[in-house]
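The values are calculated or read from the model by the stated rules, or taken from the named source; none is laboratory data. Remember, predicted model here, so these are calculated numbers, not experimental data. Here Cβ is always computed from backbone atoms with ideal geometry, including for glycine, and neighbour counts include all displayed protein chains.
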Amino acid sequence: MKRLSKHTNKEIHKLFLSFLLMILLTALAFFLVLYQLISPPFLIVLITFFALIQIVIQLDRFMDIREKEGGYRLTSLIGGSFVALLAIVFLILL
Amino acid sequence: MMNVILDYLLSLPSDIIFADISFTIMLIATVYFLTKYAKWKWLWSWITSTDHKKIGIMYLFVSFLFFIRAGIEALLIRMQLAFPNNEFWVFQGERFNQLTSTHGTVMIFLVATPLLIGLMNVIVPLQIGARDVAFPFMNSLSLWLFISGGILINASFVAGGSPNAGWTTYAPLASKEFTPGPGNSYYPIGLQVAGLGTIMGGINFIVTIIKMRAPGMRFMRMPLSTWSMFITSILIVYAFSALAVALLLLTFERLFGTVILSASEGNPLIWQHLFWIFGHPEVYIIALPAFGIFSDVISVFSKRKLFGYPSMVFAIILIGFLGFMVWVHHMFTVGLNTNITIFFALTTMLIAVPTGIKIFNWLFTMRGGRIRFDTPMLYALGFIFTFVIGGVTGVMLGTVPADYQYHDSYFVVAHLHYVIIGATIFGVFSGVYYWWPKMFGKKLNETLGKWNFWTFGIGFHITFFPMHVMGLMGMPRRVFTYPEGDGLGFLNFISTCGAFMMGIGVLFFMINIYITTRYTKKRVLNDPWFSRGRTLEWTIPSPPPAYNFARLPEVKSREPLWDAYERGNKNINFIGEYEDIHLPNSTSLPFFMGIGFLIASFGFVFEIWPVALSGMLIVFLMMSIRSFQQKNGIHLPKEKVRVQDMRGED
Amino acid sequence: METMSTQMHLNHKQAQMNILAFWFLIGAEVVVFGCLFGIYLAVKSLTGQGPTPNELFKLNEIMLSTVVLLTSSFTCAIAVYFLNLSKKLLTLLFFLITILLGLAFIGLEIREFTLYVEEGAKISTSAFLGAFYLLLGTHGFHVLFGVIWISLLLVQLWLKGINQETAPKLFIASLYWHFIDVIWVIIFTIVYLIGKV
């Protein structure tokens with residue numbers, strides 16, 4: 001029982017840390033844009049990178065994408081992203 | 001009141017009056033016969049069924065009805081085009097545009113796709129040794145969404161006018177500015193409903209194949225039909241989502257006044273991109289299952305193991321993957337960047353490689369085999385011949401400079417009919433003849449089958465081969481007539497004759513079904529194809545019991561049944577013990593959800609918001625009921641299963 | 001022992017199939033939103049007579065809705081955590097917080113849209129605004145659907161407790177909620193932040 005509660009605390013901590021990190025990244029991106037501290041092209045790359053980290057956190061920490069059949073789950077996501085990316089690229093190139 | 005209605009009816013054009021009258025007669029006849037033979041209960045049992053075999057048969061039946069309708073449209077198109085400067089009935093100008101648009105839309109979305117989904121429903125669980133699909137309820141829902149979307153598009157003809165901007169419905173022609181009236185609203189809304197059902201079906205089959213294979217049925221032991229249907233399901237999930245967005249965009253454009261697709265303020269090319277991001281994979285969605293069916297049929301009727309199984313699987317996967325990267329070849333003439341165009345021309349030609357692999361594998365399978373020329377095999381052979389022609393013209397169209405010549409001419413019409421009829425329709429005929437005994441326990445009449453094949457096949461080539469030449473002579477597609485001096489009259493007349501021959505071919509098929517159902521007494525055993533069956537569906541009775549497999553089969557090779565025959569056994573070993581079998585409940589919720597979507601869609605098309613809202617409320621209510629339902633299902637005790645199974649074996 | 005039981009519910013064959021199916025639905029949704037983003041990026045500069053992104057957006061308020069939705073995603077994860085421990089009331093509580101935050105988000109979004117419309121930025125004003133409302137509207141509709149869906153599930157949880165039926169449903173709903181949040185992170189970055197750069 002004691003081990004269980006210790007385990008629980010650890011889990012909650014993990015979730016909370018992920019959440020904190022996400023809020024932090026969002027706030028950072030927000031302030032960077034608000035005060036325009038960096039030159040635009042680099043800024044866009046940076047905040048896109050922040051967004052990617054957040055997505056990975058959500059998928060990994062909250063959505064258990066790696067659990068057991070992670071293979072199929074990831075495949076489904078990659079397939080969708082591949083088609084979505086093609087669509088985005090060629091719609092931008094329009 | 002009566003006067004108003006009568007005046008309205010008399011003001012209608014003659015073709016709509018004709019359609020109304022024939023529809024009313026059919027409706028009355030249906031009701032009369034259902035009542036006379038007391039079949040209402042029987043009908044309801046089908047409507048509410050969650051048995052994958054029954055759902056598959058309903059898919060096949062309904063899409064066959066749509067096939068007849070769109071086929072009649074094709075005949076009307078050919079009648080109008082039979083002679084130069086022809087004026088057949090009312091089908092000129094606007095009316096002709098409606099004909100070609102609905103012919104294309106119905107044939108692609110409501111015939112080719114659902115026919116194959118119907119076969120998928122019947123076959124996939126049987127071939128992988130499963131008792132059902134993963135989600136029987138969702139399966140039934142897919143069916144009813146397809147039917148209500150189909151009804152919507154078919155009803156457009158008599159209620160407000162059909163879509164008339166071509167089956168591709170390019171913007172800005174399809175926007176309200178150029179085509180006011182409800183006609184072109186039917187297209188995005190009707191297809192949205194049907195497409196939703198198709199996505200659900202795709203997900204259902206992906207999960208079924210991943211999770212419900214019999215013990216020992218590894219991925220690399222699955223029959224080719226199942227493999228191709230698996231890849232098709234994946235394509236469906238991704239491609240139809242892109243279509244959903246395109247349709248949503250068009251709906252907003254027409255109903256809520258966005259200007260994204262407008263030529264002056266937005267960019268109409270967005271529609272073309274999104275449509276073809278869906279549209280090209282769609283070609284493979286309807287071609288791959290046919291490839292799978294032919295692989296099974298050719299191997300069985302040649303009495304040979306399929307040549308190069310791994311390369312066949314690899315080719316299917318590669319075609320599916322490349323299929324997403326070729327769509328711009330439909331848009332070469334819009335003048336995109338040269339590098340983009342070259343990239344897409346190359347990927348297009350690359351697809352010819354895996355397709356070539358498949359053709360050669362089929363030929364090598366037949367080599368040295370003891371071939372029987374039954375109807376399914378005839379269709380398979382006809383397919384190889386036809387599809388090679390379609391493939392070659394495909395590569396020709398993929399050549400960018402030449403495409404500027406072929407674009408929007410009858411050459412394209414010829415090409416697309418060669419691949420779609422050559423693969424999909426031949427494939428479905430082949431599959432239906434091949435699996436008919438499994439579905440209904442009787443074999444279709446072989447003589448009539450041969451008549452069906454030869455009239456349909458020869459008629460097909462007479463219809464569409466001249467179109468290549470017409471295209472090269474400069475006849476554009478989607479025109480309702482042509483001047484006498486162009487020298488197109490003779491070719492067009494031949495083409496029209498061929499179209500009627502195809503019609504006769506379909507008539508033979510219908511007669512065949514009628515005669516077989518009515519007069520054939522002989523019931524077939526498990527494997528009606530002269531003990532040449534190779535895969536699991538031929539190890540169980542025809543038609544199979546609701547639970548398919550009384551005991552689960554054990555799969556040790558790619559062709560379990562054939563290996564059992566080779567060892568001198570009459571059937572494979574079923575290793576599983578008899579057990580209590582759980583079957584899903586019948587349910588009427590999907591049917592009512594379909595009705596809800598139908599009501600809502602009419603509301604959206606005519607922009608009557610209370611109707612739309614009440615339709616959506618019905619859908620939502622049904623979903624809530626479903627959410628709260630206890631899903632008990634029916635439990636079949638193992639004793640009963642055992643007794644039934646023993647009786648079947650006598 | 002109790003930890004086991006929820007895990008067992010989730011490991012049941014039908015539950016595993018439902019979860020896998022839901023992941024493929026997410027794959028489809030990725031394409032849906034990908035195409036919507038593509039449309040938005042394609043017409044972003046076509047502002048016509050209407051305002052440009054830079055003139056339109058008010059970042060402070062967007063930041064608020066972002067924090068609200070991120071927090072709801074976190075509370076949702078906590079709820080699933082308690083679901084795994086088979087703690088009915090705590091699960092209920094945290095899911096309730098989640099949907100309340102979701103409602104707050106929808107409220108903020110409606111307020112934002114009415115503000116824009118009052119400023120004359122209607123859906124038909126320019127291609128940019130059309131694509132903007134289409135993308136945001138689709139996302140907002142997903143949030144609304146999630147709120148209604150989870151509320152229905154909470155009624156079932158209240159009536160039936162955590163069992164073979166409710167546990168997988170709640171787990172799948174949580175996946176859906178996180179996915180909506182992922183989409184919002186992308187919207188926040190690509191539409192709002194980059195629109196302001």
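Can you list the helices (runs of 4 or more DSSP H) found entirely within segment C:1-99 that contain at least 2 residues being over 30 Å from C:Ile190 (Cα atoms)?
Passing ranges, in order: C:2-11, C:13-43, C:59-84.
Here is a list of conditions, (1) touching a Pro at 6+ places or on another chain (Cβ under 9 Å); (2) within 14 Å of chain C (Cβ to nearest Cβ), and B:Ile317 meets all of them except one; can you say which number that is?
(2)
Look through B:Leu116, B:Leu81, B:Leu145 and report the one residue that is buried (at least 21 other Cβ atoms within 10 Å of the Cβ), within 16 Å of the chain's Cα centre (by Cα) and either within 27 Å of B:Phe464 (Cβ to Cβ) or outside the structural domain of B:Ile581 (by TED's automatic domain parsing) (or both).
Among B:Leu116, B:Leu81, B:Leu145, only B:Leu116 is buried (at least 21 other Cβ atoms within 10 Å of the Cβ), within 16 Å of the chain's Cα centre (by Cα) and either within 27 Å of B:Phe464 (Cβ to Cβ) or outside the structural domain of B:Ile581 (by TED's automatic domain parsing) (or both).
Show the residue pairs meeting these rules: Cβ distance below 8 Å; 6+ apart or different chains; first residue within segment B:324-353 and within 12 Å of chain A (Cβ to nearest Cβ) and under 17 Å from A:Leu91 (Cα atoms); second residue assigned to a helix (DSSP H, G or I) and among the hydroxyl-bearing types (Ser, Thr, Tyr).
From segment B:324-353, the pairs are B:Phe324/B:Tyr238; B:Met325/B:Thr347; B:Val326/B:Thr347; B:Val326/B:Thr348; B:Val328/B:Thr341.
Restricting attention to segment A:8-42, which residues are assigned to a helix (DSSP H, G or I), farther than 27 Å from C:Ala79 by Cβ and more than 8 Å from every other protein chain (Cβ to nearest Cβ)?
Answer for segment A:8-42, where residues must be assigned to a helix (DSSP H, G or I), farther than 27 Å from C:Ala79 by Cβ and more than 8 Å from every other protein chain (Cβ to nearest Cβ): A:Leu28, A:Phe31, A:Leu32, A:Tyr35, A:Pro41, A:Phe42.
Against the conditions (1) modelled with pLDDT under 95; (2) polar (S, T, N, Q); (3) touching a Gly at 6+ places or on another chain (Cβ under 9 Å), where does B:Thr169 fall short? Just the number, please.
(3)
Go through (1) within 9 Å of chain A (Cβ to nearest Cβ); (2) in contact with a Leu (Cβ under 7 Å, 6 or more places away or on another chain) and name the single condition C:Thr66 misses.
(2)
Counting only residues that are more than 7 Å from chain A (Cβ to nearest Cβ) and of a type in the set (Phe, Trp, Tyr), which one in segment C:34-57 is surrounded by the fewest Cβ atoms within 10 Å (Cβ to Cβ)?
Result: C:Phe57.
Picking from B:Thr198, B:Thr226, B:Thr232, which residue would you name as being touching a Pro at 6+ places or on another chain (Cβ under 6 Å) and either modelled with pLDDT of 95 or more or not assigned by TED's automatic domain parsing to the domain that holds B:Leu110 (or both)?
Within the list B:Thr198, B:Thr226, B:Thr232, the selection yields B:Thr232.
Considering (1) away from chain C (no Cβ under 14 Å); (2) in a helix (DSSP H, G or I), say which one B:Tyr170 fails and leave the rest.
Only one criterion in (1) away from chain C (no Cβ under 14 Å); (2) in a helix (DSSP H, G or I) is unmet by B:Tyr170, namely (2).
Of B:Ile128, B:Ile72, which residue is closer than 29 Å to B:Pro180 by Cα and aliphatic (A, V, I, L, M)?
B:Ile72
In this structure, is A:Thr75 within 19 Å of C:Ile187 (Cβ to Cβ), without any contact (Cβ under 8 Å) to a residue 60 or more places away in the chain, in a helix (DSSP H, G or I) and of a type in the set (S, T, N, Q)?
Spelling it out, it is not the case that A:Thr75 is within 19 Å of C:Ile187 (Cβ to Cβ), without any contact (Cβ under 8 Å) to a residue 60 or more places away in the chain, in a helix (DSSP H, G or I) and of a type in the set (S, T, N, Q).
Please determine, by comparing only the residues of segment A:45-68 that are of a type outside the set (A, V, I, L, M, F, W, C) and either touching a residue at least 12 places away in the same chain (Cβ under 8 Å) or touching a His at 6+ places or on another chain (Cβ under 9 Å) (or both), which one is farthest from the other protein chains (Cβ to nearest Cβ).
A:Arg61
If I ask for residues that are hydrophobic (A, V, I, L, M, F, W, C) and in contact (Cβ under 8 Å) with a residue 40 or more places away in the chain, which ones from segment C:96-114 would you list?
Residues satisfying the conditions are C:Leu96, C:Ile99, C:Leu103, C:Phe105, C:Ile106, C:Leu108.
Just a yes or no: is a residue in segment A:81-90 assigned to a helix (DSSP H, G or I), modelled with pLDDT of 90 or more and closer than 30 Å to C:Asn11 by Cα?
Within segment A:81-90, one or more residues are assigned to a helix (DSSP H, G or I), modelled with pLDDT of 90 or more and closer than 30 Å to C:Asn11 by Cα.
Inside segment B:363-480, counting only helices (runs of 4 or more DSSP H) that do not spill past its ends, which hold 1 or more residues that are within 24 Å of the chain's Cα centre (by Cα) and closer than 26 Å to B:Lys522 by Cα?
It comes to B:375-398, B:426-440, B:446-472.
Restrict the check to segment B:174-192 and report whether at least one residue is in contact (Cβ under 8 Å) with a residue 24 or more places away in the chain and within 9 Å of chain C (Cβ to nearest Cβ).
no
Out of all the residues in segment C:160-194, which are assigned to a helix (DSSP H, G or I), of a type outside the set (Phe, Trp, Tyr) and more than 9 Å from every other protein chain (Cβ to nearest Cβ)?
Correct list: C:Lys160, C:Thr166, C:Ala167, C:Pro168, C:Leu170, C:Ile172, C:Ala173, C:Ile180, C:Ile183, C:Ile187, C:Val191.
Has segment B:164-178 got at least one residue that is over 21 Å from the mean Cα position of the chain (by Cα) and closer than 23 Å to B:Asp20 by Cβ?
yes
Hey, among B:Val283, B:Val259, which residue is modelled with pLDDT under 95 and part of a helix (DSSP H, G or I)?
Every option except B:Val283 fails the conditions.
Name every residue in segment C:52-95 that is without any contact (Cβ under 8 Å) to a residue 40 or more places away in the chain, under 20 Å from C:Leu108 (Cα atoms) and among the aliphatic types (A, V, I, L, M), in order of residue number.
C:Met63, C:Val67 - these are the residues of segment C:52-95 that are without any contact (Cβ under 8 Å) to a residue 40 or more places away in the chain, under 20 Å from C:Leu108 (Cα atoms) and among the aliphatic types (A, V, I, L, M).
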